[in-house]
Amino acid sequence: MSLSRHFLRKIPSQTLKPYLRSISTAAADSSTTAPSHHNHHQRNHEFLPPSNYLNSWTACKDPKEAEAKLALLRREYAKKVKEVRKEYIQEMELQRIEKMRKAEAKKEAQRIANEERKAAKAAEKKAKAMEREAAEEEFRKTLLKERQEKLEYWRMREMKFSEKKKDKRDLVRRQSSIWIDEKELEKKTLEVICDAIQL
């Protein structure tokens with residue numbers, strides 16, 4: 001016998017009661033102050049009714065009768081265990097099917113979300129392409145309009161320049177008594193120079 005056991009045996013139970021009570025109240029306070037998920041589950045769990053096999057054994061005087069009764073009790077217990085296992089397997093199968101159904105539903109929801117996201121991206125890309133094409137078309141129209149305006153401006157300028165040149169030519173023609181054609185200008189100039197030399 002160890003020293004601690006010897007010491008505990010010699011301590012009266014009345015002296016240990018206050019310490020045990022304080023330990024139990026401290027444990028109860030800690031359980032009430034910080035309830036865990038396990039404690040919550042224990043409080044809300046619905047337990048099955050007590051089994052009929054508990055405290056159902058009654059002692060028999062005849063050993064053979066006791067053995068037969070025990071064999072019957074074992075058979076009934078094995079049958080009950082088999083039924084419980086069957087129910088457990090069915091429940092596990094239902095849970096597996098439910099889990100698979102939820103996984104398939106989640107996968108389908110993800111697929112639909114991906115398709116919607118891809119469709120939204122494609123629509124946004126198409127809208128941006130259409131906006132870009134419209135901007136490019138507007139830019140081409142603006143360039144074409146500017147080119148036409150510049151051509152029109154140069155045409156008007158050339159027309160004004162030719163009109164001014166024509167007006168100036170007409171003015172020189174009116175002011176001059178003798179109009180010499182440009183083709184005969186060199187010839188007339190030489191003739192005048194020769195006449196001047198002869199004089």
*asked:* Just to verify a result, which residue in the range 142-189, among those that are in a helix (DSSP H, G or I), of a type in the set (S, T, N, Q) and at pLDDT below 85, is least open to solvent (accessible area, probe 1.4 Å)?
replied: THR189
*Residues being open to solvent by 100 Å² or more (accessible area, probe 1.4 Å), modelled with pLDDT of 85 or more and among the hydrophobic types (A, V, I, L, M, F, W, C): count how many of those fall in the range 48-88.*
0
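The values are calculated or read from the model by the stated rules, or taken from the named source; none is laboratory data. Small disclaimer: the values here were computed from a predicted structure and weren't measured. SASA here: full protein model, heavy atoms, side chains in, ligands and nucleic acids out. Shrake-Rupley method; radii C 1.70, N 1.55, O 1.52, S 1.80 Å.
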